């Protein structure tokens, strides 16, 4: 009895094992056409590739065809780097082929279905491929900067960091361009490659762009708009940046003909023309002139204050200098200083003091008086 039961058990287990393996063997020999991702979403102007597997029970040639391709679209079956219309498949190894679908830029938003048909001795198999085209809002380019406004001196290089985002589903290559006012040099490149003029970003991904802007040497203080553009196909995005040039205050002080000497008379006044030039890159306001002169001297200016001087512009000031009445004849240094905000400039004028002509007249009168007196004495007492 025990042996009989053991034999029955072994027979039943063998039958179950055979029964379980039979479906698997049948499935492996089934004629099939499959792809792991039969439905995708794409932006206009892009190409998507589907990996297809063709399996048949025994080695044979399997014909392939595509139908339902929308007008303006391009669909090809590729294998080994070529466009193919059939594959040779069979046994346990499926034949691999790629379906390449290109969507034109002008494609209408919505879903389109293409059908791939495989034909063999086993019959035919069809595979529906669904491609959904995004609308204008389905995917886009965005350019953003955390710090779009920077300030600096005219000699500064303004450096910005801009984030390029591909909000679509497909990898895109973008052409990069920077623009600025006349004379400015604006460059844009991926932060990972300073020589690149384009940037490739995966669908849903971002990348960082480096933007540098160099102003011209003659730039004046002010706010200057800059723009960064990324373009791919018919899509583009802009980022507005700003460079605030603070300007450099600077002054020069001279005379109209660069003559650095003057003449005055003791006790009288003399005038000196001074030229104040804004040699910086920012507007100067309330520019005043002062003088450092010997004790007892005075100096006045017309005008006393210059309200504004634009960069590169000049203004003329007349300085009236009066030495002290007891100043001795000779050369004296008078230093004139122009000041406007933090900008200052100096010029030294050598001032020659001459004695008053009145003393010469008085001296001549005294000499004449002495001569006349001596003559009178000789005439009166000479006969004696």
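Please work out if residue 305 is modelled with pLDDT of 80 or more, more than 22 Å from residue 249 (Cβ to Cβ) and within 54 Å of the chain's Cα centre (by Cα). Judged against the criteria, residue 305 is not a match.
Here is a yes/no grid of residues against (1) at pLDDT below 95; (2) in a helix (DSSP H, G or I); (3) over 30 Å from residue 105 (Cα atoms):
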position	(1), (2), (3)
8	yes, yes, yes
12	yes, yes, yes
17	yes, yes, yes
21	yes, yes, yes
25	yes, yes, yes
57	yes, no, yes
61	yes, no, yes
66	no, no, no
71	yes, no, no
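Of all residues assigned to segment 93-108, at least one qualifies as being free of Cβ contacts under 8 Å to residues at least 60 places away in the same chain, more than 30 Å from residue 56 (Cα to Cα), outside the structural domain of residue 241 (by TED's automatic domain parsing) and touching a strand residue (DSSP E or B) at 6+ places or on another chain (Cβ under 8 Å).
Got a sec? Which of 340, 312 is surrounded by 15 or more Cβ atoms within 10 Å (Cβ to Cβ) and either at pLDDT 90 or above or touching a strand residue (DSSP E or B) at 6+ places or on another chain (Cβ under 8 Å) (or both)? Even if it seems obvious, please write down each step before you answer.
Numbers: 312 fails: surrounded by 15 or more Cβ atoms within 10 Å (Cβ to Cβ).
Step by step, each of 340, 312 is checked, and only 340 is surrounded by 15 or more Cβ atoms within 10 Å (Cβ to Cβ) and either at pLDDT 90 or above or touching a strand residue (DSSP E or B) at 6+ places or on another chain (Cβ under 8 Å) (or both).
The values are calculated or read from the model by the stated rules, or taken from the named source; none is laboratory data. All values derive from a computational prediction rather than experimental measurement. Here the Cβ is made from the backbone with ideal geometry for all residues, glycine too, and neighbour counts use every protein chain on show.
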